[in-house]
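See structure below.
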Amino acid sequence: MTKPQLRIVEDDDDIRTQMKWALASDYEVALAGGRAEGIAVFTAVRPLATLLDLGLPPRPNDPDEGLATLSALLAADPLAKVIVVSGQGDRQNALRAVGSGAYDFLTKPVQVDELKLLLQRCVHVAELEQEYRAMLEEQRADVFEGMVGASAAMQSVFTVIRKVAPTSAPVLILGESGTGKEMVARALHRLSPQRNGPFTAINCNTIPENLLESELFGHEKGSFTGAHAQRKGHVESAAGGTLFLDEIGELPASVQVKLLRFLQEKKFQRVGGRQEIHSDARVIAATNANLQEAVTRGTFREDLYFRLAVVVVRVPSLKERASDVVVIAKEFLHRYGVEHGKNRLSFSTEAVRALHAHDWSGNVRELQNRVQRAVIMADGKRITADDLELSAAVTAGAAQTLKEARESLEREIVQDTLRRHGGKISSAAIELGISRPTLYELMEKLGIAKDSRD
Ligand SMILES: Nc1ncnc2c1ncn2[C@@H]1O[C@H](COP(=O)(O)OP(=O)(O)OP(=O)(O)O)[C@@H](O)[C@H]1O
Ligand SMILES: [Mg+2]
């Protein structure tokens, strides 16, 4: 085991040597004689704890130099643990130092026992904080253009988006309902050279068939009953930007032909018009239907399919990215917590387990709705499985598969070990004979909340 790093900033040679002698067996001690040296040493090593004499040269009888050193150390690391050592009768300044962020103070002559005890406590707190910081770091969700996803499946979606966005190639986005297809389309637009142009979304399923052609391509005055004036369509108004055609599988055959021509030539005519109009709108299409099947059935043109599907982005269902469920849920919890003035809410261990166990056929949207409702319903500080309306889903289906049995045994062992180690990840990992990251992964998989100490 490596010893914790300790820095002593003290100008009195005798005191320094005494301290070093007393502490060398437990700490990796380095010495500094004044402010500049103290700061330099601190920045280089980031010690777990620093002992700081308040009376430093050039004015050893004045606490200003020590206090200035303290604030420099805290500016470099707001969580730095600094114990100030003050002269006798200088309690006032020692308290001032604590007021400005020092961890604690000692008065000279320093009692070795007292010093050791205080350092032990201080280092323990510093270690806990470091562990917590590392945990937060690991927990930090990978967010890409507003999409949360640390799973390999989502990371590869992000990679494709990064690559395709800068081109003007059409993109076909496939995925079940509520998986985030529109988010992908918006990300593609935001990262494209047309980002300052319009993003126009049309749902081909919600516009009546007879109006869709005119919605998309516009019409001339008098071209049909009700066409009182000339009107531009979305293909025209999305020029310089992106046209997002949602539920493309619902596009009627007549409009399919016209869209195909537009994709081939970037040109079209308004309904009832003869004039060729040019638009450089980039087309992104999406569907939750099986387009290839529609092609086989003959309801979707094959040539149009190939034009649209130059690049295909398949957004995985939430089931295919189980490891993202809790991360996304936490993101929604944060969002709705702020919105509803309940930002201290967290998920109970049981709720996390229920989130893992649920069959997310409604994908991200279902998850979003459940978390939003839970935030509104939650009474205490913790969101329960009940708040998420998930408890039934978990208790139902008593039959255990071998995998479930193994996981529940694993969960028990991990929870028990964590409990015995007071929630301390590193020591629990040692007892379990696995590395810390592996334990984190295991906890994630088993739905054990990382902040859980029960
Ligand atoms: N990875 C993600 N991170 C955070 N929020 C997400 C993510 N994916 C989707 N969402 C949210 O889930 C909801 C559904 O996403 P979106 O509308 O993009 O899905 P969709 O696939 O277009 O759904 P539909 O097929 O029903 O049109 C939205 O509120 C969106 O903000
Ligand atoms: Mg959508």
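Descriptive notes on the structure:
- Residues satisfying the stated conditions in the stretch 191-213, i.e. open to solvent by 10 Å² or more (accessible area, probe 1.4 Å), of a type in the set (A, V, I, L, M) and either touching a residue at least 40 places away in the same chain (Cβ under 8 Å) or assigned to a strand (DSSP E or B) (or both): LEU191, ALA201
- Taking the conditions (1) without any contact (Cβ under 8 Å) to a residue 24 or more places away in the chain; (2) exposed (fewer than 15 other Cβ atoms within 10 Å of the Cβ); (3) farther than 30 Å from ASN369 by Cα in turn, GLY341 satisfies each one other than (3).
- Taking each residue of the stretch 303-316 that is open to solvent by 70 Å² or more (accessible area, probe 1.4 Å) and looking for partners that are part of a loop (DSSP other than H, G, I, E, B) and among the small types (Gly, Ala, Ser) with beta-carbon atoms closer than 6 Å, six or more apart or interchain, yields VAL310/ALA169.
- Screening ALA294, ALA286 for residues that are touching a helix residue (DSSP H, G or I) at 6+ places or on another chain (Cβ under 6 Å), within 15 Å of ligand 2 (Cβ to nearest atom) and in contact (Cβ under 8 Å) with a residue 40 or more places away in the chain leaves exactly one candidate, ALA286.
- With respect to being free of Cβ contacts under 8 Å to residues at least 24 places away in the same chain and away from ligand 2 (no atom under 16 Å from the Cβ), ARG274 fits the description.
- Out of GLU129, GLU145, sole residue that is of a type in the set (Asp, Glu), under 18 Å from the mean Cα position of the chain (by Cα) and surrounded by fewer than 18 Cβ atoms within 10 Å (Cβ to Cβ): GLU145
- First in the stretch 165-181 and at negative phi, second anywhere and assigned to a loop (DSSP other than H, G, I, E, B) and within 13 Å of ligand 1 (Cβ to nearest atom), Cβ under 6 Å, 6 or more apart: GLU176/ASN288; GLU176/SER317; SER177/ASN288; THR179/VAL315; THR179/SER317; LYS181/GLY175; LYS181/VAL315
- Residues being open to solvent by less than 30 Å² (accessible area, probe 1.4 Å) and more than 41 Å from the chain's Cα centre (by Cα) - total across the stretch 214-237: 4
Let's see how each residue does on (1) within 20 Å of VAL283 (Cα to Cα); (2) small (Gly, Ala, Ser); (3) within 16 Å of ligand 2 (Cβ to nearest atom):
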residue: PHE144; (1), (2), (3): no, no, no
residue: ALA150; (1), (2), (3): no, yes, no
residue: ALA153; (1), (2), (3): no, yes, no
residue: PHE158; (1), (2), (3): yes, no, no
residue: LEU172; (1), (2), (3): yes, no, yes
residue: GLY197; (1), (2), (3): yes, yes, no
residue: ASN205; (1), (2), (3): yes, no, yes
residue: ASN210; (1), (2), (3): no, no, no
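- Evaluation of ILE202 against the conditions (1) more than 29 Å from the chain's Cα centre (by Cα); (2) at pLDDT below 95; (3) of a type in the set (A, V, I, L, M, F, W, C) shows that the sole unmet condition is (2).
- Selected residue (only one of LEU172, LEU188 is over 23 Å from the mean Cα position of the chain (by Cα) and open to solvent by less than 10 Å² (accessible area, probe 1.4 Å)): LEU172
- Sole residue being within 16 Å of ligand 1 (Cβ to nearest atom) and more than 29 Å from ILE328 (Cβ to Cβ), chosen from ILE207, ILE173, ILE202: ILE207
- Yes/no for GLY240 being of a type in the set (Gly, Ala, Ser), at pLDDT below 95, in a loop (DSSP other than H, G, I, E, B) and surrounded by fewer than 18 Cβ atoms within 10 Å (Cβ to Cβ): no
- Verdict on VAL184 being in contact (Cβ under 8 Å) with a residue 60 or more places away in the chain, of a type in the set (Val, Ile, Thr) and away from ligand 2 (no atom under 16 Å from the Cβ): no
The values are calculated or read from the model by the stated rules, or taken from the named source; none is laboratory data. Note that the structure is a prediction, hence the values are computed from the model and not measured. We place every Cβ from the backbone using ideal geometry, glycine too, and count neighbours over all the protein chains shown. Accessible surface areas use protein heavy atoms only, side chains included; no ligands, DNA or RNA. Shrake-Rupley method; radii C 1.70, N 1.55, O 1.52, S 1.80 Å.
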